[in-house]
1. What ranking, highest mean first, results for peptides 209-215, 246-252 when packing means the other Cβ atoms within 10 Å averaged over each residue?
2. What is the antiparallel percent of DSSP beta bridges lying wholly in the chain, to the nearest 5?
3. Output the 0 to 90 degree angle, nearest 10, between the alpha-carbon long axis of helix 317-327 and the longest principal axis computed from the alpha carbons of the chain.
4. For the residue pair LYS224 and MET551, what label-to-label distance in nm results when each label sits 7 Å from Cα along the Cα-to-beta-carbon direction?
5. Given R₀ = 22 Å, FRET efficiency for ASP128-GLU372 by Cβ-Cβ distance, to 0.05?
6. Determine the gain in length on full extension of the stretch GLU736-LYS393; use 0.36 nm per residue of separation and subtract their C-alpha separation, reporting nm with one decimal.
7. Report the full-extension gain for the segment ASP191 to ASP361: residue separation times 0.36 nm, less the Cα-Cα distance, to one decimal in nm.
8. Hey, what D do you get for the chain in µm²/s if you plug the Kirkwood alpha-carbon radius into Stokes-Einstein at 4 °C and 1.567 mPa s?
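The values are calculated or read from the model by the stated rules, or taken from the named source; none is laboratory data. Owing to the predicted nature of the structure, the values given are computational and were not obtained by experimental measurement. In this analysis, Cβ positions are derived from the backbone assuming ideal geometry, glycine residues included, and neighbour counts consider all displayed protein chains. Only protein heavy atoms, including side chains, enter the accessible area calculation; ligands, DNA and RNA are left aside. Shrake-Rupley method; radii C 1.70, N 1.55, O 1.52, S 1.80 Å.
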Amino acid sequence: MRRIYLILGLTICTAASVLQAQAQIPEVEELLSKMTLEEKIGQLNLVTPGGGVATGSVVSEDVEAKIKEGNVGGIFGVSSPEKVRQAQKLAVENSRLGIPLLIGSDVIHGYKTTFPIPLGLSSSWDMDLIKETAQIAAKEATADGINWNFSPMVDIARDPRWGRIAEGAGEDPYLGSQVARAMVEGYQGEDFSAPNTMLATVKHLALYGAVEAGRDYNSVDMSKIKMFNEYLPPYKAAVDAGVASAMTSFNDIHGVPASGNKWLITDLLRERWGFDGFVVSDYTSVNEMIAHGMGDLQDVSALAINAGLDMDMVGEGFLTTLKKSVEEGKVSEEQITKAVRRILEAKHKLGLLDNPYLYSDESRPEKDILTEENRSIARKAARRSFVLLKKHKNTLPLSKDAKIALVGPMANNKNNMLGTWAPTGNPELSVPILEGLRNVAPQAEITYAKGANISNDSVFADKVNVFGPRIEISEKSPEAMIEEALEVSRGADVIVAAVGEATEMSGEAASRTSLSIPESQKKLIRALVKTGKPVVLVLMSGRPLVIEEEMQMPVSILQVWHPGVEAGNAIADVIFGDYNPSGKLTATWPRNVGQIPIYYRMKTTGRPAPESGEFQKFKSNYLDSPNSPLLPFGYGLSYTNFEYGETKISDNKLSKGGTITITTTVTNTGAYDGAEVVQLYTHDKVRSITPPKKELKAFKKILLEKGESKKVSFEISAEDLKFYNANLEFVVEPGEFEFFVAGSSDHQFTGTFTVVE
Ligand code: BGC
């Protein structure tokens, strides 16, 4: 059910909450009336037998016995229709009330058909594609018994030191909101009880991407105007799209950890936004409030349930202390009943109360998982996620009968293609780059050498290799490896060097303070460039990297993130020109780590630095670095060139109830057909709180054949220009706005309009 509700300043009346209070579900109420306090508390317990990836220090014990005793509401880390049927049987046939389980999983970028990492997918700026990947993920996961997904992660991230930037859609609240909606709609579809749709979870509520110093699990302290304007919009967009559940984050907000934060869970999420689903903690995040300094296990569990948290992931603080808290008057049974009701409602939505085995159809995996069709979408998604960072001469695309030296630690490597948080994917099924080039260009003469280790540091490698051998250090010396690469390059027309970060160099608990390509690989790149042959860098990473040195080299650079199961084929499609790259960055690439946080929506300050980039004393600039990023948000090249014509505006007065249309013409002036992401930015020149320098307001991705011109129009209403003022009211204030339409965020404004009363 989708909701429509009105925002009336701070007092919010939600149709959803009114409905919720009125429309109780008879089956749920009947169950509730039969439940003992212990059985209610049992429903709030989420366990994992440890089949998936344990991201905390514990996994649950005695899961089977607990299910039978009615002490479990949901499990995760269990998959296949058979195993899920077994688990449901334990609950349905052995527990007193026979309530089926929620079956959760982290299906972050595809289930077994692994798509590019989310940061890569967002770089496609293609919402239909993103939705399609979520639909396929839901189809595959439900075929394997899963009915509840711990995705999408919509945390705005402006600090690439934070490894989990890989899991989101980058830095921008507008784009992030579009992606959030597309993913929720993709996973949940139109009907929760259809066998191929699942509950989505918006995570991590909230502000997890703003952890101090980019160090995972760290604190966050942020003003409300920054939260509301910059960080909260994607979570709200997911709620508006009808997301069924929300996950709290590990960090604190205004001094209270998210899992115990009543303002966050109850006042904001439920009352202000009208969220009517259930809220789950992150992995042991209730217990972790002890380390945060919020009391003992009983205290923190009471804090969490009283804040409005419904389900406790793995830590069992609820299971082991809530009864005592009720007896001691610290928690009311009514509070517990509310939480149970929300969980039972989710089970009802899924159709589980009618048919606990809805997602246990043994015939489905073969039909639905890793099909040719799904893989072809993974290939399409990967191609569209790549961003051409640099073109040198006309090296790219390569001819299909070229003599190619393929070198680098990523060149013939299955273990680093899927990307972080792909525990349901199988690296063995991924297509390495060498194989992809051979598939797409069988006539090409390809020689290969590894050339370098991802890193030569074995201590670092051990930290990265927690889920498998991502960094493998060769017995050969680094010098001998480079020598081999030079040797295989000797007869080649062109060198393709596949370099970058191993998959677990980004992701959870993978923060870095250096964002450079590891030195072992930089040495290889320098040696290759010295040969004087054309060099193409195929760059993999889960985050923006610091590549100032490489950008200055005479090389072409194609950023491919971690592309997923079809990696090699998709890279070959682009390298040989069967697909012209069309991705654009969704997070700014800094020149150096010292510039972080750096993002395009920064404010001007009272002492802006000169536009020229020249240093001026007593201005807001650095002694040792320009302010400008290496590569701005929205940036990405193509094999062809796009020219933007004059931008026209239908009226330069915009009334509060009206709209204006901003139009430009884009022409493909180069030699290839290609797609361009046309972006509209505005700047609110005067308002009651300091505005960002520019804000993305709309975008369209268009296809242009070579020589073709197309008109692109954006309709803007006053609603689109709203922001949260100092009282957190969502308003637009009359006054002048500047705007431009371009293929990236770093352009000058070309026109103005005025919002009038
Ligand atoms: C992560 C979540 C994930 C959960 C369950 C946690 O460590 O922060 O994103 O959903 O583990 O696997």
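1. Listed from highest to lowest mean packing, they are 246-252, 209-215.
2. Bridges in the chain are about 55 percent antiparallel.
3. 30
4. According to this spin-label approximation, the distance is 3.9 nm.
5. Computed FRET efficiency for ASP128 and GLU372: 0.60.
6. 119.2 nm
7. Using 0.36 nm per residue and subtracting the Cα-Cα distance, I get 59.4 nm.
8. 48
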